[in-house]
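These notes concern the structure reproduced below.
The values are calculated or read from the model by the stated rules, or taken from the named source; none is laboratory data. Note that the coordinates shown come from a computational prediction; the quantities given were computed from them, not determined experimentally. Neighbour counts are summed over all protein chains in view; Cβ atoms, including those assigned to glycine, are modelled from backbone coordinates with ideal geometry. All accessible areas refer to the heavy atoms of the entire protein, side chains included, with ligands and DNA or RNA removed. Shrake-Rupley method; radii C 1.70, N 1.55, O 1.52, S 1.80 Å.
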Amino acid sequence: MTARGPLTYVWKSIRLELAKTPGFPSGSASRAYMLNLPMRKDGTVDVQAVRANPAIAGFRRFWPNEPDRRGHVVRTDGGWALSFQPATNGRTLFLIEMRRLLPGDEVMIERSEGGSWPFRVVDLPPVDRQS
């Protein structure tokens with residue numbers, strides 16, 4: 001609840017795992033992203049809440065045989081982008097068609113060096129039950 005009324009979103013920790021690809025016919029739970037975003041009940045991201053709290057809107061990438069990488073989720077003219085911190089060679093990964101994020105949904109992550117991979121939404125637990 002805020003001074004203006006009830007909140008329309010809850011910050012969630014959204015787990016994306018690599019979906020089925022030719023190289024991974026069953027997908028891969030060890031290739032994953034964890035996004036922290038303010039989510040509405042319909043599975044859409046609350047853009048106003050991201051703008052008001054940009055430091056909270058972040059992500060962590062889990063990849064086998066590589067250290068975890070962290071960054072921020074940012075709104076762009078073309079949609080949403082994952083930007084690594086610290087930025088290396090301007091590396092940004094773009095989320096494509098992130099219309100909603102509910103368990104079972106898929107999103108494409110386009111890599112800055114080319115190519116895109118499908119990721120499946122696996123889990124969305126609340127980050128902070130007070131939000």
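Determine if segment 58-78 includes at least one residue that is modelled with pLDDT of 90 or more, surrounded by 19 or more Cβ atoms within 10 Å (Cβ to Cβ) and in a loop (DSSP other than H, G, I, E, B). Within segment 58-78, not a single residue is modelled with pLDDT of 90 or more, surrounded by 19 or more Cβ atoms within 10 Å (Cβ to Cβ) and in a loop (DSSP other than H, G, I, E, B).
Out of the residues in segment 98-114 meeting the condition of being under 24 Å from PHE84 (Cβ atoms) and among the hydrophobic types (A, V, I, L, M, F, W, C), tell me which one is surrounded by the most Cβ atoms within 10 Å (Cβ to Cβ). Top of the filtered list is VAL107.
The one condition from (1) open to solvent by less than 30 Å² (accessible area, probe 1.4 Å); (2) within 21 Å of PRO126 (Cβ to Cβ); (3) within 15 Å of the chain's Cα centre (by Cα); (4) at pLDDT below 90 that GLY5 does not meet is (3).
A search for C-beta distances below 7 Å between a residue of segment 117-129 that is under 14 Å from LEU35 (Cα atoms) and any residue that is among the polar types (S, T, N, Q) and modelled with pLDDT of 85 or more, counting only pairs 6+ apart in sequence or on different chains, returns PRO125/SER13; VAL127/SER13; VAL127/ASN36.
Here PRO25, PRO54 are screened, and the one residue that is open to solvent by 60 Å² or more (accessible area, probe 1.4 Å), in a loop (DSSP other than H, G, I, E, B) and over 16 Å from TRP80 (Cβ atoms) is PRO25.
Residues in segment 96-131 that are modelled with pLDDT under 85 and among the polar types (S, T, N, Q): SER112, GLN130, SER131.
If you check SER30 against the conditions, is it surrounded by fewer than 18 Cβ atoms within 10 Å (Cβ to Cβ) and in contact (Cβ under 8 Å) with a residue 24 or more places away in the chain? Considered against the rule, which asks whether it is surrounded by fewer than 18 Cβ atoms within 10 Å (Cβ to Cβ) and in contact (Cβ under 8 Å) with a residue 24 or more places away in the chain, SER30 comes out as yes.
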